[in-house]
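Reviewing the structure listed below.
Quick note: the coordinates plus some simple rules give every number you see, no bench work behind them. Note that this is a predicted model, so its numbers are computed, not measured. Glycine also receives a Cβ, built like all others from the backbone with ideal geometry; neighbour counts cover every protein chain displayed.
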Amino acid sequence: MTRTLTILICVLAFLSHPVNAQPGFRVMSYNVENLFDTEDNPDKNDNDFLPSGNHHWTRGRYY
């Protein structure tokens, strides 16, 4: 019993000490799969960015 209690206290003492935090970093990505897509996709709401849409995007404007 005493040994278990001693081990438990030691484990809790080690876990309660703050660890020096390493500098964090962020990972960011862009979904550019459809960025230059001028073909109509019925599953997506991309009508404004088609050649016949409100913005009149064409391949010539993209490239």
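Which residues make up the longest stretch of the chain clear of trypsin sites (Lys or Arg not before Pro) that lie in a DSSP loop with no more than 16 other Cβ atoms within 10 Å, not counting the sites?
The longest such stretch corresponds to 1-25.
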For this session: Count charges around F49 for me, please; just the other residues with Cβ under 13 Å from its Cβ, Lys/Arg as +1, Asp/Glu as -1.
Result: -2
For this session: Evaluate the charge dipole of the chain about its Cα centre and quote only its size in Debye, nearest 20, assuming +1 on the Cβ of each Lys and Arg and -1 on the Cβ of each Asp and Glu.
Result: 640 debye
Exercise. Which value at 222 nm does the chain reach when only helices count, each DSSP H run of 4 or more adding -39,500 (n - 2.57), with the total divided by all residues and rounded to the nearest 500 deg cm²/dmol?
Worked result: -8500 deg cm²/dmol
For this session: Taking every Cα atom in the chain, find the radius of gyration and the maximum pairwise distance Dmax, and write them in Å.
Result: 28.7, 80
Seminar exercise, completed: Taking Cα pairs closer than 8 Å and at least 6 residues apart, the relative contact order of the chain in percent is 17 percent
